[in-house]
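Input: a single structure, listed below in structure tokens.
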Amino acid sequence: MLQRFRLAYLGDAWVNWCPALGTVLANDEVKDGVSERGGHPVERKRMPQWSLRITAYAQRLLDGLDGLDWSGSIKEAQRNWIGRSEGASVKFALTPALSGGEGEMPPTPALSGGEGEVPLSPNPSPGERGTVPGYLTADPAIAGRLMAHANAMRKNPTEAEDKLWQVIRGASVGAKIRRQHIIDRYIVDFVCLPKRLVIEVDGDIHDLQQEEDALRTARLNELGFDVVRFTNKDVLQDTYAVRCKIQKVLAERRDVTQHVDSPPLPRRGAGGEGELAIEVFTTRPDTLFGVSFLTLAPEHELVAALTVPERRAEVEAYVATAKNRSERERQAEVDKVSGVFTGSYAKHPFTGADIPVWVGDYVLGGYGTGAVMAVPGGDQRDWRFAKHFGLPIIAVTEGADIEKEADERKDATICSEGFLKGLKVPDAIRRAIQELEKIGAGQGKVNYRLRDAAFGRQRYWGEPIPIYYKDDIPYPLPESALPLKLPEVDKFLPTESGEPPLARAKDWHYSPSPSEKGPGDEGHYSPLLGRGAGGEDYPLETTTMPGWAGSSWYFLRYMDPHNAKRFASQEAVDYWGQVDLYIGGSEHATGHLLYFRFWTKFLFDLGLIPFDEPAKKLVNQGMIQGVSAFTNVALTTFSYRPGFKPHSEREPSVFVSHSMLEKLKRPAVHHELIEAYRKHVSLDQIHLDGLYVTEYVTRHVPIGLLGKDDALDLNRFIDWRKSWLEYSGEYEFINESNGNYLCTREVEKMSKSKFNVVNPDDIIEKYGADTLRLYEMFLGPLEQSKPWDTNGIEGTFRFLKKFWNLYQPVEDAAAASHIGADPFLSSDAPTKAELKILHATLKKVTEDIGNMSFNTSVSQFMIAVNELSALKCKKYAILEPLVISLAPFAPHIAEEIWMQLGHAESISTAPWPQWEAQYLVDDSFSYPISFNGKTRLQLEFPATLGKEEVEAAVLANPEVQARLEGKVPKKVIVVPKRIVNIVV
RNA sequence: GCCCGGGUGGUGAAAUGGUAGACACGAGGGACUUAAAAUCCCUUGGCCCGCAAGGGCUGUGCGGGUUCAAGUCCCGCCCCGGGCACCA
């Protein structure tokens, strides 16, 4: 299904490969260039990977955000991640190398019209240029005419052409395919230029012109192309099989652009232009006349082809270093400019000037086209590169000081020579795109940072991917062979040769029965029954799906979990619809929560669900963090002592207590250190005056090993060190003056790997689950992260006890009239004050639940309980609704009380009590009286008093008069039932 | 560098532009108790005056502004947390 919609494909992807673990790691499993677990080195490696084309949904994922009631930070993170930028793609035609000698700088390109070797009008026609940029394999003589024709054909493909195009477009078959491409004087249906393969889909008409076709094939062969032909029928019947054949043929062919010395395409036409072009993406096509060089990413496919022989060694060395450098190194050296000239030049699409082509690692292979047009006058990175290598810097905007820095203002006026001169940036961008499109050298383009999502994992625990391989070509299992279940394996580990764990399974094969040959046919899969009767037996995919495969749609499955026919019935998805409220951590902002939306959109497109966003509202709960503890192991100058042989001498691990850390780092005689060493190393080996700590290695310690006052329990620590870390070298502790060893503490994410997990079981054991639940709510706003700290838990525990006591007998209340089964509550009519407390609480709690402000609800309950206790209220009419409102906060105790009140049904079925405004009105209001905004006294007035009456009453008050000292107030502001402010 | 959040007592925090610190923890004092636990009462932002009742000043990261009135709104900074980042 996914493949039919071109949503899943087997392509090459850069992965974090960890040779020691034999697995591919996710980005967040790699820390500082080594695996998070075990600290093994990780390298970037290109591997065939199943990928999902989430990029096809980039725009919709972006647009969809506007209609979602999700937290701003998540939306923003997703916008950043998708990274939409608008601009243009521009093609720079390649010219044959104009290389000078080794190390020589390229000549300054002449960029202003008139000075160049070829005087050009600002908008040359293809005829005038003598070539057609971008369609470089065409015979220029008739290129113009053919191009119009090719465009028309592209817009109006035959059914077969269109079907095939949909499954081979882009680089989905392993290399870039173009359609209706002009080669020489022919328009071929499809071509893969780097692999020199032409793909033709012949309609019925071809039967009548076989002679013509033979000529055409011969000419293409002469130019270095091979031709594969399919008929309309082939394609229409089984597009997928055709695609697989193409993929296979391509896989066997050499990529001519990968080798400098492979025969170049035969060049035709005047001007000697090359057949290829460098395509760049730019958000600033308005700066086109400021281009002074192009920069390719080191991994760009044309680097090798463009390198002139004299520079080959230099370029290859540079590319090799750049590739081997880890991400981390590359980021650490952001300030360092590096690059190398290829020796080749490209043609400026408008001026025709020669633009030198460089390689630089400031250009990223994975973004855009992996190549940039460098405008040092308008882009700071280009500027630094140009400065560093002495390349020309052309001012592109008025008022720019290009000696100092690039001018990146987007409200400037263009000043570089050419038709954009004098235009404001936004206008110039539009104009530049228009002109590029006119000459076919580019077009407006939207680029996304979002990459396709790797969908294979070298793990056991994941859904197996229902794909089998026949002659190394992947085919989907027929639906009858589904579901595919995980096989049994002896160990959940990669094989010795580094294959994923599923490769350990015996009979991990697909065996169709004899009548079931070929993809798409019905067949049944029986890995455990052995081969099918046909004796054929195809290996199954061994990678498994990532966690987000399941997490993207389980909410749908939950709607109808036992449905054997579909993920969920139409009725179920129609009934349940979107998730109303999703509460989740912000750490999933750009992973799960994006895939989750993507998956939903795809299912919507298939017409399987009636909504294209999974969750209407999303709130991030804050993370409860842990307070980690670390030991600090000293690395001292001892280790660096001349002649010291590590391991041959027993250097102890010296654990240094927290407050001693700084002291021991100063070069001085540290008796503590010397003592620690003396026991293990003979003294004369230590240079007494030079023993100090050069740095500390920090290691997490289970917080359970900390005792009172955070002192580390040394015996348990040593045991733990032996059993858990399997390490039992010599050790010494340098303690505080009171003999305690103190750890360094730090707030971090709570995580098993950090040994800072607090188990709620202990809390529940001591206080009960309701207390824990209530305390977590009471801690503060839901969205806020904070370290787990049980200091305040007594407060919620006391509250629950008081709440419980409300429903228990008081000694002198035995005579009260009773109601229901509860022996302690009275049926007396509640007082005004009691009703006010109840309804104020119901109001606050009802509103707070809507706002998810649970901490303030808990406060309100505490106030209610305090006040009702003070009133000794035992009235059923008050306490019954109150316990219902507490039920969502403390369900166990509420249920218990509910039963005690004589109810048979659960409290969760009781209707939510409604608050009534009538009980909340006050008869009087105590006005704060302020002078010039400063509150001085309180005066109580009936609530019915109007503005003027309050003002008169306030001014008549003797205390107010005394404060006025006879002065007449300038102004008196009365806000009814709020405040009175007297301006003097 | 860019984009989001934040910054209020010893602590967690509350506050439609309208009495800053509700509620709770902790701390101090007291009651009950042989004692402990539990429970209850009082005090608790800082500084100052007063024997006291009480009163004054000051105070929500810093500096300005708007307003009768600013933790809250506006402008400019500083700091902390998170996200993105040689993204063309």
- [ ] Select from the range A:654-664 the residues that are of a type outside the set (A, V, I, L, M, F, W, C) and surrounded by 17 or more Cβ atoms within 10 Å (Cβ to Cβ) and list them in ascending order.
- [x] A:657, A:658
Open item on the list: What's the number of the only condition in (1) open to solvent by 30 Å² or more (accessible area, probe 1.4 Å); (2) modelled with pLDDT of 80 or more; (3) in contact with a Gly (Cβ under 7 Å, 6 or more places away or on another chain) that residue A:245 fails to meet?
Closed with: (3)
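Using the structure shown, decide if residue A:357 is modelled with pLDDT of 90 or more and under 30 Å from residue A:15 (Cα atoms). Show your work before the answer.
Details: modelled with pLDDT of 90 or more: yes; under 30 Å from residue A:15 (Cα atoms): yes.
So residue A:357 passes the test.
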Open item on the list: Given (1) open to solvent by less than 10 Å² (accessible area, probe 1.4 Å); (2) more than 14 Å from RNA strand B (Cβ to nearest atom); (3) on the phi < 0 side of the Ramachandran plot, identify the lone condition not met by residue A:343.
Closed with: (3)
Open item on the list: Quick test of your reading of the structure: residue A:905 fulfils all but one of (1) open to solvent by 70 Å² or more (accessible area, probe 1.4 Å); (2) charged (D, E, K, R); (3) away from RNA strand B (no atom under 12 Å from the Cβ); (4) at pLDDT below 90. Name the failing condition by number.
Closed with: (4)
Task: Listing of strands (runs of 3 or more DSSP E) fully contained in the range A:136-207 that carry 2 or more residues being farther than 20 Å from residue A:231 by Cα and either at pLDDT 75 or above or of a type outside the set (D, E, K, R) (or both) - done: A:178-183
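Give me the strands (runs of 3 or more DSSP E) completely within the range A:571-653, filtered to those with at least 3 residues that are aliphatic (A, V, I, L, M) and modelled with pLDDT under 80, ordered by residue number. Outline the logic, then answer.
Working: elements: A:579-584, A:615-620, A:624-636.
Output list reads A:624-636.
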Task: Residue pairs meeting the criteria (Cβ under 8 Å; at least 6 apart or on separate chains; first not assigned by TED's automatic domain parsing to the domain that holds residue A:283 and buried (at least 16 other Cβ atoms within 10 Å of the Cβ), in the range A:75-86; second modelled with pLDDT under 85 and among the aliphatic types (A, V, I, L, M)) - done: A:77/A:589; A:78/A:589; A:81/A:589
Open item on the list: Tell me yes or no: at least one residue of the range A:727-739 is modelled with pLDDT under 80, under 13 Å from residue A:630 (Cα atoms), surrounded by fewer than 18 Cβ atoms within 10 Å (Cβ to Cβ) and polar (S, T, N, Q).
Closed with: no
Task: Selection within the range A:362-380 - near RNA strand B (Cβ under 6 Å from one of its atoms), open to solvent by 10 Å² or more (accessible area, probe 1.4 Å) and among the small types (Gly, Ala, Ser) - done: A:368
Task: Of all residues in the range A:431-449 being out of contact with any Phe, Trp or Tyr (no Cβ under 7 Å at 6 or more places or on another chain) and over 18 Å from residue A:373 (Cβ atoms), the one that is least open to solvent (accessible area, probe 1.4 Å) - done: A:448
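What are the residues in the range A:459-476 that are farther than 14 Å from residue A:542 by Cβ and open to solvent by less than 20 Å² (accessible area, probe 1.4 Å), if any? So that I can check it myself, show each step before the final result.
Step one: list which residues in the range A:459-476 are farther than 14 Å from residue A:542 by Cβ, which gives A:470-471, A:473, A:475-476.
Of everything in the range A:459-476, just one residue is farther than 14 Å from residue A:542 by Cβ and open to solvent by less than 20 Å² (accessible area, probe 1.4 Å), namely A:473.
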Task: Single residue of the range A:382-430 satisfying the filter (open to solvent by 90 Å² or more (accessible area, probe 1.4 Å) and away from RNA strand B (no atom under 14 Å from the Cβ)) that is nearest to residue A:349 (Cα to Cα) - done: A:417
Task: Those residues of the range A:925-952 which are assigned to a strand (DSSP E or B) and more than 12 Å from RNA strand B (Cβ to nearest atom), in sequence order - done: A:941, A:942
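Please pick out the residue among A:771, A:790 that is β-branched (Val, Ile, Thr), open to solvent by 40 Å² or more (accessible area, probe 1.4 Å) and either in contact (Cβ under 8 Å) with a residue 24 or more places away in the chain or more than 15 Å from RNA strand B (Cβ to nearest atom) (or both).
Working: A:771 fails: open to solvent by 40 Å² or more (accessible area, probe 1.4 Å).
Testing whether each residue is β-branched (Val, Ile, Thr), open to solvent by 40 Å² or more (accessible area, probe 1.4 Å) and either in contact (Cβ under 8 Å) with a residue 24 or more places away in the chain or more than 15 Å from RNA strand B (Cβ to nearest atom) (or both) leaves just A:790.
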Open item on the list: So for the range A:56-77 (the condition being at pLDDT 75 or above, of a type in the set (D, E, K, R) and touching a helix residue (DSSP H, G or I) at 6+ places or on another chain (Cβ under 8 Å)), does at least one residue qualify?
Closed with: yes
Task: So residue A:955, is it within 16 Å of RNA strand B (Cβ to nearest atom), within 30 Å of residue A:884 (Cβ to Cβ) and open to solvent by less than 80 Å² (accessible area, probe 1.4 Å) - done: no
TODO: Identify the single condition in (1) assigned to a helix (DSSP H, G or I); (2) closer than 22 Å to residue A:826 by Cα that residue A:908 does not satisfy, given that it satisfies every other one.
DONE: (2)
TODO: Take the range A:836-852 and flag every residue that is within 26 Å of residue A:924 (Cβ to Cβ) and open to solvent by 60 Å² or more (accessible area, probe 1.4 Å).
DONE: A:836, A:843, A:844, A:847
Open item on the list: Based on this model, can you work out whether residue A:456 counts as under 36 Å from the mean Cα position of the chain (by Cα), within 12 Å of RNA strand B (Cβ to nearest atom) and buried (at least 17 other Cβ atoms within 10 Å of the Cβ)?
Closed with: no
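The values are calculated or read from the model by the stated rules, or taken from the named source; none is laboratory data. What you see is a predicted model, and the numbers here were worked out from it, not measured in a lab. Using ideal geometry, Cβ is built from the backbone for each residue, glycine included, and neighbour counts are taken over all protein chains shown. Note: accessible area is taken over every heavy atom of the protein model, side chains too, but ligands, DNA and RNA are not part of it. Shrake-Rupley method; radii C 1.70, N 1.55, O 1.52, S 1.80 Å.
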